[in-house]
Amino acid sequence: MDIRSQMSMVFHLDKCIGCHTCTVACKNIWTDREGSEYMWWNNVETKPGTGYPTKWEDQDIYKGGWEQNGSGSISLKGAGKRKGLLNIFHNPNLPVIGDYYEPFAYKYLDLIESPEQDVQPVARPVSVITGKPIDIKMGPNWDDDLSGTPDFARKDPNLENLSAAEQEAMFQLEKMAFFYLPRICNHCLNPACVASCPSGAIYKRGEDGVVLIDQSVCRGWRMCVTACPYKKTYYNWSTGKSEKCVLCFPRIEVGEAPACMHSCVGRIRYLGVMLYDADKIESIASSDDDNLIQDQIDIYLDPHDPKVIEAARANGIADSTIAAAQNSPVYKFVKEWKIALPLHAEFRTLPNLFYVPPMLPVMAMVGEQKEDTPELHAVAKNWDDKWLYDTSLDGIFGTIDNMRLPLKYMANLFGAGNEALVADKLKKLMAIRIYRRHTTVGDISAQKSAAALKEVSLTEDEAEAIYKMTSLPKFNERFVIPAAHREQALEMLEATEEVKGNTGFGFTEKPVRGL
Amino acid sequence: MDILLFGAFPYVAVVVFIIGTIWRYQTGFKYSSLSSQFLETKKLFLASVPFHIGILVILTGHLVGFLFPSLFTRIGGSGIVTFETVSLVFGISAIVGLLFLMIRRFTNDRIKAVTTKMDVFIEFVLLVQFGLGIYIATSLGWGSQWYASVMVPYLRSIWMLNPDISAISAMPIAVQLHVVGASLFIFLIPFSRFVHFLVAPFHYISRPYQVVRWYWDRKEIRDTSTPWTVTRPKNI
Ligand code: SF4
Ligand code: SF4
């Protein structure tokens, strides 16, 4: 057993309001530089939608992630030693600027400096790369809230195995539903970006599992951009180096939450430590599709188990880290309550960002009205057509299997195609709502609430704990970051005595392009 | 003049190359392929691939000939024709690739935005160098043979720090320019994007796929019996 500690995350999608505060916080800190204007280490996508870069989930196009070989082992889909080195002069699977968007700004100065004339001056958009006027065709979050649906939402790769009728039902006006999917780097256990880097510049930090690109070793071979199935490594066209989300490591080293999480308005984000057995990474990443998610969840160990604690200590994991693991909100969501799932586990990178699948689209369930459809609850709205919107509590619980955003769609995102897995989580979430409705409003009987909890095998205590962690968590319950080893934090970057009298620490060279 | 160009310049070039590349390395940040594929990919395929394959094969040929001239002299007869024709194909591939690269650089706005003066300069240096090479290969018959018998002794004399420029002084002007071009190329490496070939990632082949870096020796750091001064962070 080789126990390591990993910074892991949970995003509770029901709580995301799509405000993009996280994105802006990240942008201001990290990617407000030449060459990185187009990068959004944190981005929030509207689902259904094609996302950023366009259709990133479609690995037939981008060839990201790992794939299982016949023999049960795995190899990188579009990179690796053979493919990577052969394609080093020209990488056929590299996403290019057009797949993201060409960054632009407006010539606002023209408004001020324009001479007197008959027409109003306008601020023309110019490309940030060339400085020339451009015709904007794409921008960050172009498809926010389903705008441009025919071009974007309908081309969502996750719709692939949905029938035409099912797809049609999703996109009928007045019946459309969507949710937000905030994404950052998953700091994977089996990172494809690390494996694909010919220079060995990308590495996983042993101490906390953060995946970083060493800027002084990166040579711009750009294989990581292809290999990351989540497209969370980006090529800086100006410095000729690749960059990625750093999980705000200078912040977490001193016990602060990363900027995106700290600023999250919906308070959807949780960060905590998970202990896992590094010896199992390879075998689990090679599991069959059906077992992949469960096997990954099994790799995380119980931090209360004395054997695990002992092995962790023997491996040099600090007591404060073990204590943080015992308090980890991520452990609770993923292992104890089992209501969070990884995104696209089928890419086999073993991502450490888990999502509580969104319930909201289920609340207003749609069904076709038939002759024998029973009377709706009083609060349900009946539209003047043959579709029913049932927002009453009675109707909801049974309707998860044919919810408004089809379960199949959700399963493509969070269940590696396994609908039962996602349905199980949604039922739990619904049971907790029924239970809470019973305790707060009281219009649902105790028996009914108990039955709902029983069906998903939750106790009242658990339901209460989930409710509290979802709705009322304090800052330090959402972010359990190992007691800041301030004395070590700085030293993780440099030996302090050696920079005595210097102007600073960290990156001491200006990050400008080579000749 | 000949002494300067053929006797002194090669040394200047090599010294500048060694000191320059080390100076430029410092933290390693300034070593990059500076790829522009992200900004334009389709044309790059037609340009970069023939260019790189061509230049690598031709450079390897020059190097092998320098190290083992007997390999070349032993070819003999019709083998020479085949050998030189094949080499010529790679030479042409390199120059065609280079021309495409230059066209791409001068016509695409985005590529222009990431073009430095040095990029343009080295492209012209290479163009002249390739052009001379192809001219020499096609007009001054059986270069592989006289390369082995005339040029290699000259290069060796440079290598042995005892330059003997008599042979090279007698060569046609095209050959002389090609030799100066070679020194210039070496001279320019630390000042241009050429540096990226020095960090070609061969070590990838033997390395395990996953890379984990520990800042501390994780077992020793918490062992009370080791003094703290012994366990130092590894990334210094
Ligand atoms: S999400 Fe992508 S960039 Fe992040 S660790 Fe995984 S493979 Fe690497
Ligand atoms: S800040 Fe939070 S609520 Fe707002 S978009 Fe980001 S993740 Fe969603």
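Whole-Hz Karplus values for the stretch B:26-36 come out as 5, 9, x, 5, 7, 9, 7, 6, 6, 4, 10 Hz, taken residue by residue from phi with 6.51 cos²θ - 1.76 cosθ + 1.60 and θ = phi - 60°; glycine and proline positions read x. Reducing the stretch B:1-57 and the stretch B:140-191 to their Cα centroids gives an inter-centroid distance of 19 Å. Tell me the relative contact order for chain A as a rounded percent, counting alpha carbon contacts under 8 Å between residues six or more apart. 20 percent. The Rg/Rh ratio for the stretch B:2-201 is 0.98, where Rg is the radius of gyration of the alpha carbons and Rh is the Kirkwood radius.
In Å³ and rounded to a whole number, note down the convex hull volume per residue for the Cα atoms of the stretch A:178-332. Provide the component values of the computation, followed by the final result.
Values: hull volume 24.9 nm³, N = 155.
Value for the stretch A:178-332: 160 Å³ per residue.
Sorted from longest to shortest, the spans of the Cα atoms of the stretch B:149-221 along the three principal axes equal 68, 25, 22 Å.
The interface between chain A and chain B buries about 5900 Å² of solvent-accessible area in total (1.4 Å probe, ligands and nucleic acids excluded).
Using DSSP to call loops (not H, G, I, E or B), can you name the trypsin sites (Lys or Arg not before Pro) in the stretch A:133-196 whose Cβ has at most 12 other Cβ atoms within 10 angstrom?
A:Lys137
Here the spin labels are modelled as points 7 Å beyond Cα on the Cα-Cβ line, and at B:Val212 and A:Asp135 they lie 5.3 nm apart. Label zone (B:Lys117, point 7 Å along Cα-to-C-beta; backbone nitrogen cut-off 20 Å) within the stretch A:113-143: none. Computed from backbone phi, the HN-Hα couplings of the stretch A:135-142 come to 9, 6, 10, 7, x, x, 6, 4 Hz, rounded to whole numbers (Karplus: 6.51 cos²θ - 1.76 cosθ + 1.60, θ = phi - 60°; Gly and Pro given as x). Per residue, the convex hull around the alpha carbon atoms of the stretch A:90-178 comes to 154 Å³.
Within the accessible area of chain B, what % is carbon and sulfur when the probe is 1.4 Å and the other protein chains stay in place? Don't skip to the end; give the middle numbers.
Values: 9380 of 12580 Å².
C and S fraction of accessible area: 75 percent.
Which percent of the accessible area of chain A is formed by carbon and sulfur heavy atoms (probe 1.4 angstrom)? C and S fraction of accessible area: 52 percent.
When peptides B:15-24, A:201-210 are sorted by average Cβ neighbour count within 10 Å, with the highest value leading, the order is A:201-210, B:15-24. 3J(HN,Hα) couplings calculated from phi for the stretch A:71-84 with the Karplus curve 6.51 cos²θ - 1.76 cosθ + 1.60 (θ = phi - 60°) are, in sequence order, 6, x, 8, 10, 9, 5, 6, x, 9, x, 4, 6, 4, x Hz; Gly and Pro show x. Short to long, the 5 Å bins of the Cα pair-distance histogram for the stretch B:21-83 hold 3, 13, 12, 14, 13, 15, 11, 9, 7, 2, 0 percent of all pairs.
Legend: mean number of C-beta atoms from other chains within 10 angstrom of residue C-beta atoms, peptide A:228-241, equals 3.
Rounded to the nearest 500, the 222 nm mean residue ellipticity of chain B from helices alone is -19000 deg cm²/dmol, with -39,500 (n - 2.57) taken per DSSP H run of at least 4 residues.
Among the complete DSSP H segments of chain B, which ones combine at least 27 Å of alpha-carbon extent along their axis with a mean Kyte-Doolittle hydropathy of 0.0 or more?
For chain B, where a helix must reach 27 Å along its axis and average at least 0.0, the hits are B:42-67, B:78-107, B:117-139.
Taking 7 Å steps out from each Cα toward its Cβ at A:Gln172 and B:Thr107 produces label points 5.2 nm apart. Counting only Cα atoms, the size of chain A along its three principal axes is 77, 75, 49 Å, in decreasing order.
Selection among A:Val96, B:Tyr147, A:Ile136 by position relative to the dipole of the protein assembly as shown gives B:Tyr147 as farthest towards the positive end (Cβ unit charges, Cα centre). Amide H to amide H distances under 5 Å link A:Asn236 with A:Lys241, A:Ser242, A:Glu243, where only residues 5 or more positions off or on other chains count and H is placed in the peptide plane.
Using R0 = 35 Å, the C-beta based FRET efficiency linking A:Arg33 and B:Leu63 works out to 0.30. For chain B, the relative contact order works out to 30 percent when only alpha carbon pairs closer than 8 Å and six or more residues apart are counted.
Does the stretch A:110-242 come out rounded, prolate or oblate, given a ≥ b ≥ c as the square roots of the eigenvalues of its C-alpha gyration tensor, rounded meaning a/c under 1.5 and, failing that, prolate meaning a/b above b/c?
oblate
Note on the stretch A:290-364: Rg/Rh from Cα positions, Kirkwood definition for Rh, rounded to two decimals, is 1.06. Accessible area per residue for the protein assembly as shown, computed on protein heavy atoms with a 1.4 Å probe, is 45 Å².
The values are calculated or read from the model by the stated rules, or taken from the named source; none is laboratory data. Given the structure is predicted, the values throughout are model-derived calculations rather than measurements. Positions of Cβ are generated from backbone atoms using ideal geometry, with glycine treated the same way; all protein chains shown enter the neighbour counts. Calculation scope for accessible area: heavy atoms of the full protein, side chains included, ligands and nucleic acids excluded. Shrake-Rupley method; radii C 1.70, N 1.55, O 1.52, S 1.80 Å.
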